[in-house]
Every structure is written in C-alpha cells, then in structure tokens.
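Asks: My structure is below; once you've seen it, I'll send some questions.
The values are calculated or read from the model by the stated rules, or taken from the named source; none is laboratory data. It should be emphasised that the depicted structure is a prediction, and the values quoted were computed from it without experimental measurement. Every residue, glycine among them, receives a Cβ derived from its backbone with ideal geometry; neighbour counts consider all protein chains shown. The accessibility values were calculated without ligands, DNA or RNA, using every heavy atom of the protein model including side chains. Shrake-Rupley method; radii C 1.70, N 1.55, O 1.52, S 1.80 Å.
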Amino acid sequence: MSASGGTKAIVAALVANLSIAVAKFVAFLFSGSSSMLAESVHSLADSGNQGLLLLGGKRAQRDATPQHPFGYGRERYIYAFLVSIVLFSVGGMFAIYEGYEKIQHPHEIENWYWPVGVLVFAIIAETFSFRTAIKESNALRGQQSWTEFVRHAKAPELPVVLLEDLGALVGLFLALGGVGIALLTGDGIWDGIGTLCIGVLLILIAIVLAAETKSLLLGEAAGLNEVKKIEAAIVDGDTVTGIIHMRTLHLGPEELLVAAKIAVQHDDTATEIAGAIDAAEARIREAVPIARVIYLEPDVYSETEATKGPDPEATPGGPTHNGTDH
C-alpha cells in the first residue's frame with residue numbers, strides 16, 4: 001500500500017484499539033458495565049477492521065494476470081466495504097442488543113473506578129490515533145473540507161480510519177456519560193441507554209462508509225482537476241486538434257484508466273498519428289502519474305457529428321438501440 005493509503009494511521013489505530021479492547025474487557029469483568037462490554041467488542045471489531053484494511057492493501061499490490069488484466073487495485077475498496085459490514089453487525093447491532101438487555105435488566109455498576117479509569121485511558125489512546133489520522137489526511141485533502149475529503153477520496157483507508165476514530169471517541173464519551181449518570185443516580189438503566197446510543201452511532205457511521213465505498217466499487221471517474229490536466233495534455237494543437245469524447249475510471253486508488261476519441265487532421269499519415277498518440281500518452285502520464293492505462297482512438301472531427309451531441313452508446317448503461325433504458 002502506498003503512503004497515500006494511510007498505513008501509519010491504520011497501524012496507529014490498530015495498536016490503540018487492541019490495547020483499549022483488552023483494558024475495556026478487564027473493566028467489564030470487574031464492574032459488570034454493559035457499556036464496557038459493548039465498547040470492548042467495538043474496539044475488538046475496530047482492530048479487525050484495521051487488519052482488513054492492511055490485508056486489502058497487501059492483496060491490491062498483486063501483479064495483473066490474464067484473468068484480471070487491470071490488476072487488483074479495487075481489492076482495497078472491497079475490504080473497506082467489508083469494514084462497514086463488520087462495523088454495522090459486530091459493533092452496532094451488538095451494542096444495541098446489549099443496551100436493550102441492560103435497560104430490561106438493570107443492575108448497579110460495581111467497582112466504578114475500573115470503567116471510569118479505562119474510559120479515560122481509552123480516550124487518551126483514541127485521541128492519539130485520531131490525531132495521527134488527521135495529520136495523514138491533511139497531507140492529502142488540500143483545500144477540501146473534511147466532508148468533501150471523506151466523500152471524494154479515492155483511497156478508502158484514511159476516510160475509514162477517520163470515521164472509526166471519530167465514532168470511537170464519541171462512543172467513549174457516551175459510555176463515560178452513561179456510567180457517570182448511572183453512578184450518580186444509582187440506576188443502572190443509564191448504562192444501558194449509553195450503550196444504545198453507542199450502537200446507533202456505530203450503525204450511522206457504518207451506513208456512511210458503506211455508501212461511500214459502494215460508489216468506489218461501482219467505479220468513479222477521475223477528479224475534476226485530473227480531468228482538466230488530462231484534457232490539456234492530450235491536445236497539442238498540431239496533430240491532435242481536440243477531444244471528441246473522453247472517459248476516465250479508477251481501477252484502484254492510484255490507478256487510472258483513460259479512454260478518449262481524439263480529433264486529428266484528415267490528411268495526417270498513419271505514422272504521424274501514431275507518433276502523436278505516443279506523445280499524448282507521455283504527456284498524460286507526466287501530468288497525471290496515476291494514469292496507468294491509456295487508450296486513444298484517432299478520428300477526424302466532423303461538425304455535423306458534433307451537433308448530435310455525445311454518443312449515448314459510448315457510455316456503458318446508456319440507452320439501448322430501441323431508445324429504452326436498461
């Protein structure tokens with residue numbers, strides 16, 4: 001996985017979550033707090049999620065094969081999607097179940113200093129992990145807002161770690177609030193309410209992650225800045241006079257496919273056109289290094305054809321020949 005995959009942030013989150021999971025489970029054994037049990041399962045699930053992200057990054061580095069000629073870059077998207085499923089099922093649904101049981105059968109929290117102490121330790125550890133993820137993300141997001149970064153990032157690892165760490169921190173404060181109110185009132189039902197809130201929070205984060213990763217799995221085009229750079233690189237004003245139409249597709253976070261029909265002069269020789277295509281490909285790769293697979297089809301520009309607009313058959317999923325939608 002490249003540096004943009006946020007390996008440092010993933011490892012920091014993995015170390016933090018493993019240590020926190022052990023500490024929370026010990027606190028649950030001594031106190032009987034359902035918030036502690038839900039939080040320990042949450043941290044354990046998060047640890048597994050970071051393992052999935054690292055595994056996805058490793059498998060994505062495999063060389064292309066005849067069966068998978070464009071490589072395995074999208075495996076990073078698949079494993080990120082699995083993370084959202086784990087977060088929803090193991091983290092969110094378990095917390096809701098545990099919170100419901102606690103509300104139905106409340107009991108006082110024993111040895112209160114265990115859950116409180118562990119929660120404070122966990123907040124410190126998660127803050128360190130969250131800070132690492134923010135630092136790694138700031139190097140990539142540029143002028144984007146955090147919402148735009150999560151929505152438009154092509155590498156899924158950093159948005160996943162960011163949302164997981166944010167959810168973990170908010171969940172820890174919810175758990176601390178539930179335990180604190182339960183201790184102040186002597187009513188264990190508040191511990192269950194805190195656990196329920198943690199479950200709802202985790203499910204909401206899982207839904208956001210699933211929606212964003214689904215878009216990457218379906219295949220996203222290059223960003224607007226990359227598209228402008230590619231368009232500028234293709235046209236040389238001599239042999240290549242314009243772009244008739246162009247499509248881009250991310251084969252992985254750091255792999256981009258570019259396919260374009262380019263306009264050439266009608267009296268150019270085959271040798272001149274071939275040389276112009278080679279030169280255009282070199283300019284594209286220089287302007288956008290992640291453009292690994294490039295297909296350029298030469299054609300003679302026609303004003304008559306241009307007035308008809310984009311060819312719907314050039315886009316997968318477009319109208320069929322009889323004019324109906326798929």
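Asks: State whether the residues of the range 185-194 include one that is assigned to a helix (DSSP H, G or I), touching a helix residue (DSSP H, G or I) at 6+ places or on another chain (Cβ under 6 Å), at pLDDT 90 or above and open to solvent by less than 20 Å² (accessible area, probe 1.4 Å).
Replies: no
Asks: Among the residues of the range 256-277, which ones are hydrophobic (A, V, I, L, M, F, W, C), farther than 17 Å from V293 by Cα, out of contact with any helix residue (DSSP H, G or I) (no Cβ under 8 Å at 6 or more places or on another chain) and not in a helix (DSSP H, G or I)?
Replies: Residue satisfying the conditions is A263 alone.
Asks: Looking only at the range 68-79, decide whether some residue is small (G, A, S), farther than 24 Å from P106 by Cβ, touching a residue at least 40 places away in the same chain (Cβ under 8 Å) and crowded, with 19+ Cβ neighbours inside 10 Å.
Replies: Yes - at least one qualifying residue is present in the range 68-79.
Asks: Look at the range 170-183 and say how many of its residues are under 13 Å from Y113 (Cα atoms) and open to solvent by 30 Å² or more (accessible area, probe 1.4 Å).
Replies: Number of matching residues: 2.
Asks: Give me the pairs: first residue in the range 23-51 and β-branched (V, I, T), second residue crowded, with 24+ Cβ neighbours inside 10 Å and at pLDDT below 80, beta-carbon distance under 8 Å, and six or more apart or on different chains, which are they?
Replies: V41/G91
Asks: Where the second residue is crowded, with 17+ Cβ neighbours inside 10 Å and the first is of a type in the set (D, E) and lies in the range 199-219, which pairs have Cβ atoms under 8 Å and are six or more apart or on separate chains?
Replies: Close Cβ pairs satisfying both conditions: E212/V150; E212/P156; E212/P159.
Asks: Among the residues of the range 18-32, which ones are modelled with pLDDT under 85 and either on the phi > 0 side of the Ramachandran plot or not aliphatic (A, V, I, L, M) (or both)?
Replies: Selection gives K24, F28, F30, S31, G32.
Asks: If K228 meets every condition in (1) touching a residue at least 40 places away in the same chain (Cβ under 8 Å); (2) surrounded by fewer than 17 Cβ atoms within 10 Å (Cβ to Cβ) apart from one, which number is that one?
Replies: Only one criterion is unmet by K228, namely (1).
Asks: Here is a list: S35, S89. Which entry is closer than 23 Å to I207 by Cα, open to solvent by less than 30 Å² (accessible area, probe 1.4 Å), modelled with pLDDT under 85 and of a type in the set (S, T, N, Q)?
Replies: S35
Asks: Evaluate the following for L209: is it closer than 30 Å to F28 by Cβ and part of a helix (DSSP H, G or I)?
Replies: Values: closer than 30 Å to F28 by Cβ: yes; part of a helix (DSSP H, G or I): yes.
Yes; evaluated as a whole, the condition is true for this residue.
Asks: Further question: Can you name the residue in the range 197-223 that is over 18 Å from the mean Cα position of the chain (by Cα) and open to solvent by 50 Å² or more (accessible area, probe 1.4 Å) and is also nearest to L257 (Cα to Cα) among such residues?
Replies: V200
Asks: Can you list the helices (runs of 4 or more DSSP H) found entirely within the range 65-161 that contain at least 2 residues being among the charged types (D, E, K, R) and under 23 Å from K24 (Cα atoms)?
Replies: Result: 94-104, 113-141.
Asks: State whether the residues of the range 218-233 include one that is within 19 Å of A291 (Cβ to Cβ) and among the polar types (S, T, N, Q).
Replies: Yes, some residue in the range 218-233 is within 19 Å of A291 (Cβ to Cβ) and among the polar types (S, T, N, Q).
A quick yes/no check of all residues on (1) buried (at least 21 other Cβ atoms within 10 Å of the Cβ); (2) modelled with pLDDT under 85; (3) touching a Phe, Trp or Tyr at 6+ places or on another chain (Cβ under 9 Å):
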residue: I124; (1), (2), (3): no, no, no
residue: F128; (1), (2), (3): no, no, no
residue: R131; (1), (2), (3): no, no, no
residue: E136; (1), (2), (3): yes, no, no
residue: L140; (1), (2), (3): no, yes, yes
residue: Q144; (1), (2), (3): no, no, no
residue: L158; (1), (2), (3): yes, no, yes
residue: L163; (1), (2), (3): yes, no, no
residue: G167; (1), (2), (3): yes, no, no
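Asks: Here's a follow-up. Against the conditions (1) free of Cβ contacts under 8 Å to residues at least 24 places away in the same chain; (2) not in a helix (DSSP H, G or I); (3) not polar (S, T, N, Q), where does G177 fall short? Just the number, please.
Replies: (2)
Asks: Still on this structure: Would you please name the residue that is most open to solvent (accessible area, probe 1.4 Å), looking only at residues in the range 234-261 that are closer than 30 Å to Y72 by Cβ and either out of contact with any strand residue (DSSP E or B) (no Cβ under 7 Å at 6 or more places or on another chain) or polar (S, T, N, Q) (or both)?
Replies: The residue in question is E254.
Asks: Check whether at least one residue in the range 4-19 is under 21 Å from A210 (Cβ atoms), touching a residue at least 12 places away in the same chain (Cβ under 8 Å) and assigned to a loop (DSSP other than H, G, I, E, B), and report yes or no. Show your work before the answer.
Replies: We begin by selecting, within the range 4-19, every residue under 21 Å from A210 (Cβ atoms); these are 5-6, 9-10, 13, 17.
Now drop any that are not touching a residue at least 12 places away in the same chain (Cβ under 8 Å), which leaves 5-6, 9-10, 13, 17.
Then keep just the ones that are assigned to a loop (DSSP other than H, G, I, E, B); that gives 6.
For the range 4-19, residues under 21 Å from A210 (Cβ atoms), touching a residue at least 12 places away in the same chain (Cβ under 8 Å) and assigned to a loop (DSSP other than H, G, I, E, B): present.
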